[in-house]
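Each reported figure results from applying straightforward, stated rules to the coordinates on display, with no laboratory input. Just so it is clear, the structure is predicted and the values come from calculations on it, not from any experiment. Using ideal geometry, Cβ is built from the backbone for each residue, glycine included, and neighbour counts are taken over all protein chains shown.
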Amino acid sequence: MNKKFEPIIGLEVHVELSTKTKMFCACPADHFGKKPNTQVCPVCLGLPGALPYANKQAIEDTIKFGLSLGCEISDFSKFDRKHYFYPDLPKGYQISQYDLPFCKKGVWKSKDGNTINVRRIHLEEDTGKLIHIGTDSQIDFNRSGVPLVELVTEPDFRDSVLIDEFLKDIQLTVRYLGISTGDMEKGSMRLEANISLSKDGKLPDYKVELKNINSFRFLKKAIDWEIKRQEELLEKGEKIPQETRGWSESKGETVSQRTKEEANDYRYFPEPDIPPITIKPQLIEKIKNEIPELPWEKRKRYQGLGLSAGYASTLTSELSRSKYFDDVVKLSDDISVETIAGLMINQKLDEQYLEPAGLVKKILELEKKDFAKADETDSAIIEVLENNQKGVLDYKEGKAEVIGFLIGQVQKILKGKGDPNAVREAIITKLNG
Ligand code: ZN
Ligand code: MN
């Protein structure tokens, strides 16, 4: 690895919440595929005199997301106006949060134990959508005012591989929490990255922002490309301008979009139409109790059950599948978790047997076919009992738990192919005989 230049990368992730209504009005928030401009009102159209009011569910969802990532939750918070002009923003400003976000100082840990710090998670409103047709541009305001959560990490990433793992966990987390679909192709999750290279261990004096990237794969390509581009420029002794770049998939490279505005260009000030918000410890406690088992907790539990890291992470990557797996495990004592996971992942038997009980039945049938023959089983049991006289005596003295050990010995001889129930019954019969 090139030690002369070290990539310094931070991420911004926007996630649309799946609340019933928009952030500051009663219009439906579910806008995807709806007829343009049918879910609008004076508030989300930015008409003069319209008064916004905050969506409580969206605030609770944001706090839930923050708690899942170990964030501190502000006991006092507020909304601010962020001013900029763009046709999809009818008010001329976005209601966002500036200095008092709902959540700050969170932590995410990778599978290898790398730590990424989350700087803040705040709540804001989405903009309308521009649709370009030929030389015409049209605006759909159905998306205007949809609750949008923004997560900002510290610049802790050093390569695109860890970024990929982080983003997949963030997507899983919002899905597990049920606060967003996290669908990239529908724009429910949108990614941005800030990249600069530190030269000879010195802090960089510029930042290149990668924006409007709509897939994990494209983001990885864009970051890898950008690292190379910046390395070459620095190598030549050139200064890298502060700018926003996008990814052109057809060219296979990043392209300049505009030079970056400074934070104070936005003229942030407190939103005067929405009173500040006090968050009581009881509310935080209530939300904490609603948080389900999170992806990294589930992976750990699965590995604890004896699953390989690969199987554990495949099953965890789909909530419905992991629930199915949990149900099958609950229904079957004798089937190994690795067998269940293997049949689900390699043979997709969970798609064939929609009920977990159906899969259990199928596995038992499969295993029976493969069971050792009765005479083989019998001679194995006889051999084990002869070689374990102490175990036999222990059993006769009332130590029933020795049966498990004896079954294990028989299975060893049968290479695991003994029918567990038949072996147990045969051993007990012989011991009592
Ligand atoms: Zn509205
Ligand atoms: Mn934002």
*16 Å cut-off, amide nitrogen to a point 7 angstrom out along S215 Cα→Cβ, residues in segment 173-188*: 183-188
*For the chain, modelled as a Gaussian network with Cα springs under 10 Å, which listed residue fluctuates most, A54, A193, A372?*
A372
*asked:* Helix 374-387 against the longest principal axis of the chain: what's the angle in degrees, Cα atoms only, rounded to the nearest 10?
replied: 80
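Could you tally the net charge around A426, taking each other residue with its Cβ under 15 Å from the Cβ of A426, Lys/Arg +1 and Asp/Glu -1?
Working: positive: K373, K417, R424, K430; negative: D375, E376, D378, E383, E386, D419, E425.
Residues near A426 contribute -3 overall.
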*Per residue and in cubic angstrom, what volume does the convex hull of the Cα atoms of segment 295-432 have?*
121
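Multiplying the sequence separation of I277 and N114 by 0.36 nm and subtracting their Cα-Cα distance, what value in nm do you get? Write down the numbers at each step before the final one.
Numbers: separation 163, 0.36 × 163 = 58.68 nm, distance 3.46 nm.
Taking I277 through N114 to full extension adds about 55.2 nm, to one decimal.
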_Using the Karplus curve 6.51 cos²θ - 1.76 cosθ + 1.60 with θ = phi - 60°, what ³J(HN,Hα) values do you get for each residue of segment 83-96, in whole Hz, with x for Gly and Pro?_
8, 6, 9, 7, x, 7, 10, x, 6, x, 8, 10, 7, 9
_Vicinal HN-Hα couplings computed from phi for segment 339-344 (Karplus, 6.51 cos²θ - 1.76 cosθ + 1.60; Hz; Gly/Pro x)_ = 4, 4, 4, x, 5, 6
*Where the Cα atoms of segment 230-383 are projected onto their three principal axes, how long is each span, largest first, in whole Å?*
84, 53, 31
_Going by average Cβ density within 10 Å per residue, which order do the peptides 229-237, 98-106 take, highest to lowest?_
98-106, 229-237
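Pull out the extension gain between E355 and E231, defined as 0.36 nm times the separation in residues minus the alpha carbon to alpha carbon distance; nm, one decimal. Mind showing how you got there, number by number?
Working: separation 124, 0.36 × 124 = 44.64 nm, distance 5.42 nm.
Stretched out fully, the E355 to E231 stretch lengthens by 39.2 nm.
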*Taking only Cα atoms and a 10 Å spring cutoff, compute GNM fluctuations for the chain and point out the largest among I163, I139, I195.*
I139
*asked:* Quick check: the distance between the Cα centres of segment 28-43 and segment 262-312, to the nearest angstrom?
replied: 27
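As a test of the formula, what do you get for the chain when each DSSP H run with n ≥ 4 contributes -39,500 (n - 2.57) and the sum is divided by the residue count, at 222 nm and rounded to the nearest 500 deg cm²/dmol? Before the final figure, lay out each step's value.
Numbers: 14 runs with 168 residues, N = 433.
Calculated mean residue ellipticity at 222 nm is -12000 deg cm²/dmol.
Can you tell me how much longer the chain between R267 and K286 gets when fully stretched, taken as 0.36 nm per residue apart minus their C-alpha distance, in nm with one decimal?
Numbers: separation 19, 0.36 × 19 = 6.84 nm, distance 3.58 nm.
Contour length minus Cα-Cα distance gives 3.3 nm.
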*Cα gyration tensor of segment 165-298 - equivalent ellipsoid semi-axes, whole Å, descending*: 34, 22, 16
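For the chain, what is the per residue volume of the convex hull drawn over the alpha-carbon atoms, in cubic angstrom?
Working: hull volume 93.7 nm³, N = 433.
Measuring per residue, one finds 216 Å³ for the Cα hull of the chain.
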*What spacing in nm lies between the two simple spin-label points modelled at Y53 and K239, each 7 Å away from Cα in the Cβ direction?*
5.3
*Amide H to amide H under 5 Å from I277: which residues, 5+ apart in sequence or cross-chain, H placed 1.01 Å off N in plane?*
S77, K78
*asked:* Can you compute log10 of I(q)/I(0) for segment 105-243 with the Debye formula, treating each Cα as one identical point scatterer, at q = 0.10, 0.15, 0.21 Å⁻¹?
replied: -0.43, -0.90, -1.39
*Among 127-137, 112-122, what's the highest-first ranking by average C-beta atoms within 10 angstrom per residue?*
112-122, 127-137
